[in-house]
Amino acid sequence: MASRNSFISSFDPGSKSKRSVRRVWIRTGWFIVVFILIFGLLSTHYAMLVQNDQAAYLRIIDRFSESSPLVVILGDSHPLNAVDMQEIDETYALLAHGGDNLRQMVIKLDYAVSCKQSIKYAVIPLDYHSLAVYRERAGDFSRDLYYSSNYQLITSLYGTNYLNVIFHKLSLHVPLLDASNWERYYLILTAKMENKALAASEAVTPENWSLLNDQKRNIDTIARLKGQLEPPIVSDEMVRALEFMISYCKNNKIALIGVRYPVTAEYLELAGAFGIEQVNDIYLEKAEVFLAILDYREIFAESPGYFANTDHLSAEGAKVFTNILQKDLGSLLESGVESLK
Amino acid sequence: MSFISLNFLIFFAVVVILYFSLPHRFRWLLLLCASYYFYMSAVPVYVFLLLTTTLISYVSALYIARSQDIFHRRVWLGISLAGNLGLLVVFKYAGFLNESAQKILEHIGLGYNLPGFSILLPIGISFYTFQALSYSMDVYRGVKEPEKHFGYFALYVSFFPQLVAGPIERSTRLLPQFYKTVQFDYLRFTLGLQLMLWGIFKKVAIADRLAVVVNHVYADPTQFHGITLIIATYAFAIQIYCDFSGYSDIAVGAAYVLGYDLMQNFRRPYFATSIRDFWQRWHISLSTWFRDYLYIPLGGGRVFRVRWYVNIMAVFIISGLWHGAGFTFLAWGALHGIYYLFSIWFKEMRRAFTELIHLDAFPVLHKAVRILITFHMVTFAWIFFRAESMSDAIYVAANLFVDIDRFIFNIGKLGQGNALIGGDLGLSKSDLLTALMLIVVLFITQIIQSKVNIRTAVAKSPIWLRWPAYYLLIFGTLLLGKYGIQEFIYFQF
């Protein structure tokens with residue numbers, strides 16, 4: 001009772017009347033109600049603007065649900081741009097998406113395995129930045145919730161709690177609850193750069209690398225490497241996710257294949273200054289748990305025309321690369337199926 | 001826990017509701033627990049440093065006051081200074097001192113094998129150490145009675161709104177406020193929230209937007225030249241102001257909601273007409289701290305001229321090092337010291353020149369020129385503050401005007417990543433324009449604020465005007481904000 005009195009007297013030093021306290025609460029309540037209304041309206045508007053993006057993401061999942069693949073290709077914008085789905089057969093399913101890190105790959109693999117018994121192989125990228133803090137920072141698991149309901153796996157991989165998962169699940173319906181969506185909203189509203197905004201994190205500039213001069217190529221490459229490989233180049237969290245992936249595959253009898261995707265000559269040359277040997281050492285150490293590690297880093301070093309930018313293949317490059325990858329994976333599958341028996 | 005997070009929003013709402021629900025005698029306990037929780041949400045183990053600082057200052061102050069003779073008073077003051085500064089040196093400067101000693105000894109051919117070590121800098125250590133030190137010195141001088149209530153004193157050192165990045169409060173101002181019974185005041189509540197909102201706007205909409213450019217360019221400035229370096233340096237001048245004053249606004253606003261008045265930390269610093277004036281407007285709680293506890297004890301201006309100059313340089317260099325353990329901060333402080341000395345030495349010459357060109361006949365123009373010159377001097381000095389090494393700082397300073405003519409003829413390509421005009425800025429053209437627009441809004445607001453108290457005017461206006469203004473600021477901030485770009489700059493100090 002004492003605290004109740006103190007509460008009232010604190011809120012109303014003058015008359016101490018309950019009416020004044022009620023007025024403050026009513027006023028505050030109305031302010032919040034109007035705020036929620038405006039927020040809801042803006043959020044609905046935003047959801048309408050990005051429905052194509054959502055649809056594109058969900059299409060990847062839909063397409064997957066219609067297939068019965070043997071191999072699932074996971075990863076970020078590297079495989080997404082390097083694998084041309086027109087060139088590859090139904091043995092393979094591409095679940096890669098720009099910005100995906102190893103945590104997301106585990107969750108996608110878990111989803112894939114839980115709905116397709118046919119999957120026996122998983123292909124993951126083993127690029128320099130795959131273990132970097134740059135990838136660790138991509139801690140938004142909202143889009144994982146589009147398809148996965150394995151909340152235990154999500155909380156364990158992201159080191160988060162169920163409350164946070166619920167919040168993110170809610171932000172799928174009220175997207176502006178997620179602060180990063182406000183930035184995208186601004187981009188869409190102001191610059192009318194929907195495409196850029198929608199792929200902001202992993203935008204691949206549609207330009208031909210071979211048309212750029214050396215200075216521009218070096219500046220772009222250094223900027224890219226700085227973003228991707230800022231210290232620490234090896235994040236403990238990402239190594240843990242890689243180990244999680246390895247043990248997940250072992251427990252589920254999935255053969256793991258690593259791919260080191262093609263990059264430009266400039267990228268190969270300049271990456272040396274960023275401590276990449278640490279990453280190479282980890283891959284070397286874990287090499288035996290992979291069915292194979294296919295190293296394509298240098299295959300197009302002399303073909304700048306195959307690149308859209310310093311570490312992404314152009315459509316033309318992807319076409320050529322997909323055939324090479326498919327051929328190599330095909331050989332592996334023949335031997336791998338035997339070894340899995 | 002960052003001020004710009006949902007966690008803080010929930011934390012603050014819970015603290016405010018509990019605070020006004022509790023009787024006065026329990027409120028200090030709530031605030032103390034909240035402050036320690038707030039601090040421990042970053043790196044829990046560093047709470048022991050905070051506790052140690054609190055204990056050292058509390059006990060030494062009691063003994064200072066109890067001691068009858070000057071010798072024992074000095075001994076206890078010495079214990080407080082050595083203990084608090086010792087912690088600061090170990091946790092903030094040990095790595096820097098070790099590396100510097102290694103370099104110097106290697107240079108003169110002496111082997112030095114002490115292994116390098118790096119400790120994660122405890123958040124806010126420079127701030128709460130200085131706050132605790134000022135208390136010890138105030139008690140020693142007899143300006144303040146020692147605080148007997150340990151809980152109140154612990155709260156004074158750790159009060160969460162200003163624990164991590166100030167304002168550095170004085171015991172004579174803050175401690176007595178804990179004794180006063182605070183009643184909920186709707187106007188005060190509104191004004192405090194307004195200030196917090198304005199601080200958030202400055203941080204996420206302006207500072208973090210500009211941080212994209214600054215971080216992009218200053219990560220490796222040797223890749224850029226000319227106008228790109230100039231823009232990045234101007235951007236940093238605005239970024240650091242909006243970042244730090246934004247933090248201070250949130251801190252002062254949060255404390256105000258709870259019924260406490262913290263000191264004003266910024267007073268439109270980029271409208272300063274001289275370097276001296278700038279330091280009376282920028283990070284006021286620190287500059288007055290240095291004035292009261294270092295400059296005046298050194299003798300201030302009441303000593304021989306040369307000694308006075310030495311005092312000025314010493315204060316500025318120490319102020320630079322307070323910000324960070326590095327030669328760039330030392331250079332930044334020294335540069336401000338040199339500015340200050342030059343302003344003294346050439347005072348008469350400036351006056352004569354002003355009269356010669358009849359600038360004194362146009363006081364408004366004269367003031368504008370002085371503001372512009374001061375702003376550019378301060379901005380130039382920021383290069384040393386922001387650069388990651390002395391070589392980077394020197395490169396930026398030396399390459400500011402390279403190819404400036406190309407920029408003039410290619411101004412339309414700004415923000416398009418064109419190498420012709422010094423390289424990519426990291427922000428699109430529309431983002432750059434938005435940043436520019438927001439800076440203009442900021443300065444116009446500051447000019448109006450100097451004439452009218454906008455916050456009070458808004459708070460007292462009718463609801464149909466007041467609420468749309470609040471919603472506009474809230475949703476404008478959300479929409480124009482950049483998120484997760486950078487933590488508050490002063491957290492690293």
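Any read-out appearing in this document is the output of simple, stated calculations on the displayed coordinates, not a laboratory observation. Since the structure is predicted, the reported quantities are computational estimates derived from the model, not experimental observations. Methodologically, a virtual Cβ is constructed for each residue, glycine included, from the backbone with ideal geometry; neighbour enumeration extends over all protein chains shown.
Working from Cα positions, state the angle (0 to 90°, nearest 10) between the long axis of helix A:102-115 and the longest principal axis of chain A.
Between the helix axis and the principal axis of chain A, the angle is about 80 degrees.
Restricting to DSSP H runs of at least four residues, report the calculated mean residue ellipticity at 222 nm for chain A, -39500 (n - 2.57) per run over all residues, nearest 500 deg cm²/dmol.
-18000 deg cm²/dmol
Evaluate E = 1/(1 + (r/R0)^6) for A:Leu172 and B:Phe150, where r is the Cβ-Cβ distance and R0 equals 60 Å; express this FRET efficiency to the nearest 0.05.
Taking R0 as 60 Å, the efficiency between A:Leu172 and B:Phe150 is 0.75.
For the pairs B:Lys202/B:Lys482; A:Lys253/A:Lys327; B:Lys347/B:Lys367, note any where the Cα-Cα span goes beyond 19 Å.
Correct reply: A:Lys253/A:Lys327.
How far, in degrees from 0 to 90, does helix A:18-49 lean away from the longest principal axis of the Cα atoms of chain A, to the nearest 10?
Helix A:18-49 sits at roughly 30 degrees to that axis.
What does the structure give for A:177-185 when I average, per residue, the other chain Cβ atoms found within 10 Å of the residue Cβ?
Average neighbour count from other chains, rounded to a whole number: 4.
Take the Cβ-Cβ distance between B:Ser2 and B:Ile448 as r, set R0 to 30 Å, and report the resulting FRET efficiency rounded to the nearest 0.05.
FRET efficiency, B:Ser2 to B:Ile448: 0.50.
Given axes a ≥ b ≥ c from the Cα gyration tensor, I'd like to know whether the stretch B:212-363 is rounded (a/c under 1.5), prolate (a/b larger than b/c) or oblate.
rounded
When a/c is below 1.5 the answer is rounded, else prolate if a/b is larger than b/c, else oblate, so apply that to the stretch A:238-341 with a ≥ b ≥ c taken from the square roots of the Cα gyration tensor eigenvalues.
Oblate.
With each pseudo-label sitting 7 Å past Cα toward Cβ, what's the B:Arg291-B:Phe401 distance in nm, one decimal?
A separation of 3.5 nm, rounded to one decimal place.
How high is the FRET efficiency from B:Ile394 to A:Ile324, r the C-beta distance, R0 60 Å, rounded to 0.05?
With a Förster radius of 60 Å, E is 0.80.
Between B:Arg268 and B:Ala361, with labels modelled 7 Å along Cα→Cβ, what's the label distance in nm to one decimal, could you check?
Reported label-point gap for B:Arg268 and B:Ala361 is 2.8 nm.
Using the C-alpha gyration tensor of the stretch A:287-334, what are the square roots of 5 times its eigenvalues, in whole angstrom, with the largest one first?
Values for the stretch A:287-334, descending: 23, 13, 8 Å.
Where a Cα-Cα gap under 14 Å defines reach, which aspartates and glutamates qualify for B:Lys92, not counting those fewer than 8 residues away within the same chain?
Output for B:Lys92: empty list, no partners.
Treating the angle as unsigned and between 0 and 90°, give the value, to the nearest 10°, between the Cα long axis of helix A:214-228 and the longest Cα principal axis of chain A.
Once rounded, one gets 60 degrees.
Once you list every other residue whose beta carbon is under 14 Å from the beta carbon of A:Ser235, what net charge do they have if Lys and Arg are +1 and Asp and Glu are -1?
-2
Picking from A:Gly227, A:Gly305, A:Gly29, which is most flexible by a Gaussian network model of chain A using Cα springs under 10 Å?
A:Gly29
Just how large is the dipole of chain A about the Cα centre, in debye to the nearest 20, putting +1 at every Lys and Arg Cβ and -1 at every Asp and Glu Cβ?
My answer is approximately 2480 debye.
Within 10 Å of each Cβ of B:208-220, how many other protein chain Cβ atoms are there on average?
Mean inter-chain Cβ contacts per residue within 10 Å come to 1.
Taking amide hydrogens as modeled 1.01 Å from N in the peptide plane, which residues meet the under 5 Å criterion relative to A:Ala255, leaving out close sequence neighbours?
Amide H to amide H, under 5 Å and 5 or more residues apart or across chains, A:Ala255 pairs with A:Tyr121, A:Ala122.
When a/c is below 1.5 the answer is rounded, else prolate if a/b is larger than b/c, else oblate, so apply that to the stretch B:1-149 with a ≥ b ≥ c taken from the square roots of the Cα gyration tensor eigenvalues.
Oblate, because a/c is 1.5 or more while a/b does not exceed b/c.
Can you list the DSSP H helices in chain B whose Cα atoms extend at least 20 Å along the helix axis and whose mean Kyte-Doolittle hydropathy is -1.0 or higher?
Membrane-span-like by this rule: B:6-21, B:24-40, B:47-66, B:70-88, B:125-141, B:186-200, B:227-257, B:305-323, B:327-345, B:363-386, B:429-451, B:463-480.
Which residue fluctuates the most in chain A, going by a Gaussian network model with Cα springs under 10 Å, if the choices are A:Ile119, A:Ile166, A:Ile154?
Looking only at A:Ile119, A:Ile166, A:Ile154, the biggest GNM fluctuation is shown by A:Ile166.
With a point put 7 Å past each Cα toward its Cβ, work out how far B:Gln183 is from B:Thr222 in nm, to one decimal.
6.6
Please report the projected area of the stretch A:70-153's Cα convex hull averaged over all directions, in nm².
One quarter of the hull surface, i.e. the mean projection, equals 5.7 nm².
Let me confirm one metric for peptide B:475-484, namely the mean number of other chain beta-carbon atoms within 10 Å of its residues' beta-carbons.
5
When ranked by the protection proxy of mean other Cβ atoms within 10 Å per residue, highest first, what sequence do the peptides A:68-76, A:258-266 form?
Sorting A:68-76, A:258-266 by mean packing, highest first, produces A:258-266, A:68-76.
Check which residues have an amide H placed less than 5 Å from A:Asp295's amide H, if you skip close sequence neighbours.
Amide H neighbours of A:Asp295: A:Arg260.
Show me B:469-477, B:121-129 ranked by packing, highest mean number of other Cβ atoms within 10 Å first.
Ranked from most to least packed, the peptides come out as B:121-129, B:469-477.
Can you list residues whose amide H is under 5 Å from A:Leu94's amide H, if they're 5+ apart or on another chain and H is modeled 1.01 Å from N?
Under 5 Å from the amide H of A:Leu94: A:Ile73.
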